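Scroll down for the structure; my scribbles are underneath it.
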Amino acid sequence: MKKNQFHIVRAEKAGVFLCRISSSTGDTYTVTSARRLYYWSGALDVSMIAKEGVSNPTGCKFSVQLGDEDVSTLHNVVESHPVSEKALEIINAVPVWKQ
């Protein structure tokens, strides 16, 4: 695993995140630079988001992104996928959802 590689991580009950994985023990991951992907439009599933991004960025609800120094713990991780450069560019272009 590349040190600064972003991943899409899906955790049971916690949801889907864009993040960097610092470490993992079983199904518990310690991550940094986390951004919750609450709702997306223009991708079938998380593996498609990791590979291609989303085709309808304005229809997505993504949270603010935490920084490299912000450490989060995700429990019950069920899948993770490395994010392509193309997908990362598209995800980063999605504005922070506010209401």
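The values are calculated or read from the model by the stated rules, or taken from the named source; none is laboratory data. Just so you know, these numbers come straight off a predicted model, no measurement behind them. Reconstructed Cβ throughout: ideal geometry from the backbone, glycine too, with neighbour counts over all protein chains shown. What goes into the accessible areas is simple: the full protein's heavy atoms, side chains included, and nothing from ligands, DNA or RNA. Shrake-Rupley method; radii C 1.70, N 1.55, O 1.52, S 1.80 Å.
Out of these labelled values of Kirkwood radius over Cα pairs in Å, (i) 13.3; (ii) 13.6; (iii) 20.8, which was calculated from the coordinates shown here?
(i)
Tell me, what % of the accessible area of the chain is carbon and sulfur with a 1.4 angstrom probe?
Roughly 50 percent of what the probe reaches on the chain is carbon or sulfur.
Work out the length of the dipole vector of the chain about its Cα centre, built from +1 on the beta-carbon of each Lys and Arg and -1 on the beta-carbon of each Asp and Glu, and round it to the nearest 20 debye.
Working: 11 positive and 10 negative charges, 28 e Å.
Dipole about the Cα centre, nearest 20: 140 debye.
Given H placed on each backbone N at 1.01 Å, which residues far from residue 61 in sequence or on other chains put an amide H within less than 5 Å of it?
Placed amide hydrogens put 38, 39, 40 under 5 Å from residue 61.
Can you compute 3J(HN,Hα) from phi for each residue in the range 28-39, using the Karplus curve 6.51 cos²θ - 1.76 cosθ + 1.60 with θ = phi - 60°, rounded to whole Hz and x for Gly and Pro?
Karplus-based 3J(HN,Hα) across the range 28-39 equals 10, 10, 9, 10, 10, 6, 6, 9, 7, 9, 6, 8 Hz.
In the range 19-85, if the dipole is taken from +1 on Lys/Arg beta carbons and -1 on Asp/Glu beta carbons about the Cα centre, which of 75, 63, 33 is farthest to the positive end?
63
Quick one: how many Å² of residue 64 are accessible to a 1.4 Å probe, rounded to 10?
Accessible area, nearest 10 Å²: 90 Å².
Compute the accessible area per residue over the range 1-47, keeping the other protein chains in place, probe 1.4 Å, unit Å².
Values: 2620 Å² over 47 residues.
Roughly 56 Å² per residue, with all protein chains present.
Between residue 22 and residues 5 or more places away or on another chain, which pairs have amide H atoms under 5 Å apart, with H built 1.01 Å from N, and which residues are they?
Amide H neighbours of residue 22, under 5 Å, 5+ apart: 30, 31, 32.
Within 10 Å, at most 16 other Cβ atoms, and a DSSP state outside H, G, I, E, B define an exposed site. Report the longest part of the chain free of exposed GluC sites (Glu not before Pro).
Segment 13-68 is the longest.
Quick one: compute the contact order of the chain, relative version, from alpha carbon pairs under 8 angstrom and 6+ residues apart, as a percent. Show your work: numbers first, answer last.
Details: 223 pairs, mean separation 32.9, N = 99.
This gives 33 percent for the chain.
Could you check the spin-label model distance between residue 70 and residue 55? Points 7 Å from the Cα along Cα→Cβ, value in nm.
Modelled inter-label distance: 3.1 nm.
Keeping all protein chains in the complex and leaving out DNA, RNA and ligands, what accessible area do you get for residue 36 with a 1.4 Å probe, in Å² to the nearest 10?
The accessible area of residue 36 comes to roughly 100 Å².
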